[in-house]
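Notes follow once the structure below has been shown.
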Amino acid sequence: MSMLSYRVRAIVLTGVVCVFALWGPTVRAQEEVDVKEAVKEAVKEAGIEKAQPPTNINPKAAITTKDPTIPVEELKYLVRPLTQEDLENEAAAWMLLLKAKVKEVSNAEIAVKRQNRTIDSQNEATDALKKAQQSLAEAEKLQVGAAVGSPEYEAATKKVEEAKENFKKAESAVKDAAITKKELKKDKTLKSALKTAQKTGDLEDAKQALDKAKQDRDSLVAGSQGYEATTKKIDALEQAIKAFEDAQEAQGKVAPNSPEYKKATPKVEKARKDLQKARSAVEGVSPTDADKSKQSSEDLNNATTALNNSKIKGSLDTKVAGPVGVVEDRKSLNQKGDQIEKATEKLEKSTETESGLKNDLVVSVTNLQAEQTEIVDRLNVILDELKLKGGEVESYQKYIQAISVVQIDVKDSEGGIVRLTSWFKSEEGGLRWAGNIGKFVGIVVASIIVSQILGIILNSLLKNFGGMSRLLRHFIVMLVNRGGILVGVMVALTALEVSLGPVLALLGGVSFVLAFALQSNLGNFASGLTIMVYKPFDVGDEIKIGDIWGWVDSISLASTKIKGFSGQIFIIPNNIVWSDTIENLTHDKIRQVKVGVQIGYDEDLAKVKQLLVETVKSHPDILSDPPVKAYVWEFGEGCINMFVEGWTKTEGFWLVYERVLQQIQERFNFEEIAIFDTTQDIRIQKALNGKTSQPSPQDLAKLLKAQMPKEVSQRL
């Protein structure tokens, strides 16, 4: 029975354990699934699902980063066959290189900041020591011949106290400088930045030493023993500089932290030591003197020792002396002043060395930024190709934009000058932008010259085409001239590394806003272009537009300017010009001279017609073809209306017209033919009770108005 109960309990317990064993993972798995689903939903709602980087990116599969210094033009052809997946690997690999370089730049900038702190602390200590030294000197003068308790003695005591306060400030500042230097030495990344800066400083110092040695050699006699010895040292230094630069270039062509990079590093160090030796041989100093960091530390330690030796321990007044009870006498003050002067010299020497090291760091930062720019250029090539093939590049571009901002400490004037000088000398800095600006100016000037030449050629060609208005020809030439310059400027902007995409997008947006705001003006522009194309008139033509009659003075895209017969100027919007009736009186080369006359019913019509034809023909500028003709137009009220028509050249029309009128009048007077006078003599009588009387003024006005022409009566 006991055995049976035991077996039952065992089976039940085993079942419970199995249930928990199976239910537990199931619950946890379900919880994990729920969490994942919740995360996916949150990501989807936040709109950042597309921003998540693909999980299959493998930067190690990149092929273009094997040589980080590959020319940009070669890289463009190298990435062309790559697929989107390949380009994502390439972009990730270049991004890693860029992040590493940005980190180097940041570490170097931090090192510069800490160097500035060290320099500021040491400058503060130097100023405090100088003030302490001055206070001690004044105390020493006041102490001469001064009795204890006298005003002079009290003043000397105050000066000693001032010296003690300044001395404490100097001690505190020196301690801060020492702490900052220790922080630089402890931090491996900052120490690496200092080491890189030291390499840059070694190369710059070597080049300066080489230039100075060549100048010194020029003062020696050629062929002398000293000249030959200096020449050997100069040759050795030149070879060492070239070897160091070649070693650095070889190291820069391989990816950081790669096996090739590790192999190249010892070669760079060996070339650096050889460079130091060669420079030391030229300058006559030991190679260890070239290590500015060690030299600065030694100078700071010597300054600290001198400060400890010059410490002021007491006061002039024994009554107010400290616990030690030491009385500072004149001899002691003199000794303390000498020790402080010695400490000041050591601090100034240390500060000078620190400034030199800071300048090396600044130069190193500039060089690192140039290397960063090179990587950005190559990464942009990858991103451009990736964007064309459908990849996401926004996160990369934002990172590039963020790290491209350069901040300059305006308080550090010396470092700013060094930074600018190094930037101007850098191939990716001043030299690059000098070349870019040169290209920009060259492209703009070339576009101006080419567009002007094309305009002249095009103008000559268009003159040979008949039927084209002068205005349209000028407009096309102007469009070529200014359009060529605009295209040249846009192309030149690419030389300044300006992306045309945002510029074109901005121009498109501005054009849309202007088009919406200037609808009426755009209508005038469209009408102006229509006038240019269809050529209803040209500059210099005599035209009628509605009630306006005159000569075309000028035409623009917006309006037409007409000069009236009295010298007035009419400016008409082209939209109105094109929508109204246009009468061009000088469209052809010849123009009709048409004169109308009115004769009485008692005149001989055949004779008058013959006289009119003969008179018009007699003018030398009247053309024989088409022939001159005269005809009766209509029978009017008390007269007969006749017209005579002849043709003359358009340019002399008005002179011929005036002379023909004079000739007709003279001929009619000679032939005693009267031109009908439309003046009427109106006599009005009013009968009233069989008698004749004068009409009232109101009746007379009504009668006169009824007899007047309609146009005159309307004006009245």
Shape verdict for segment 539-584, please, from the Cα gyration tensor: rounded (a/c under 1.5), prolate (a/b greater than b/c) or oblate.
oblate
Provide 654, 578, 433, 647 in ascending order of the number of other Cβ atoms located within 10 Å of each residue's Cβ, fewest first.
654, 433, 578, 647
Would you list 562, 476, 340 from fewest to most Cβ contacts within 10 Å?
476, 562, 340
Set 535/594; 99/181; 76/389 screened for pairs whose C-alpha atoms are more than 24 Å apart:
535/594; 99/181
Among 77, 399, 601, what is the fewest-to-most ranking by other Cβ atoms within 10 Å?
77, 601, 399
Using the Karplus equation 6.51 cos²θ - 1.76 cosθ + 1.60 (θ = phi - 60°), what ³J(HN,Hα) coupling, rounded to whole Hz, does each residue of segment 75-89 give in order, writing x for Gly and Pro?
5, 4, 6, 5, 8, 4, x, 6, 7, 4, 5, 4, 5, 5, 5
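Read-outs throughout are calculated quantities, based only on the coordinates presented, and are distinct from any laboratory measurement. This one's a predicted model, so the numbers in the text were calculated from it and none came from an experiment. No Cβ is skipped: glycine too gets one built from the backbone with ideal geometry, and neighbour counts run over all protein chains shown.
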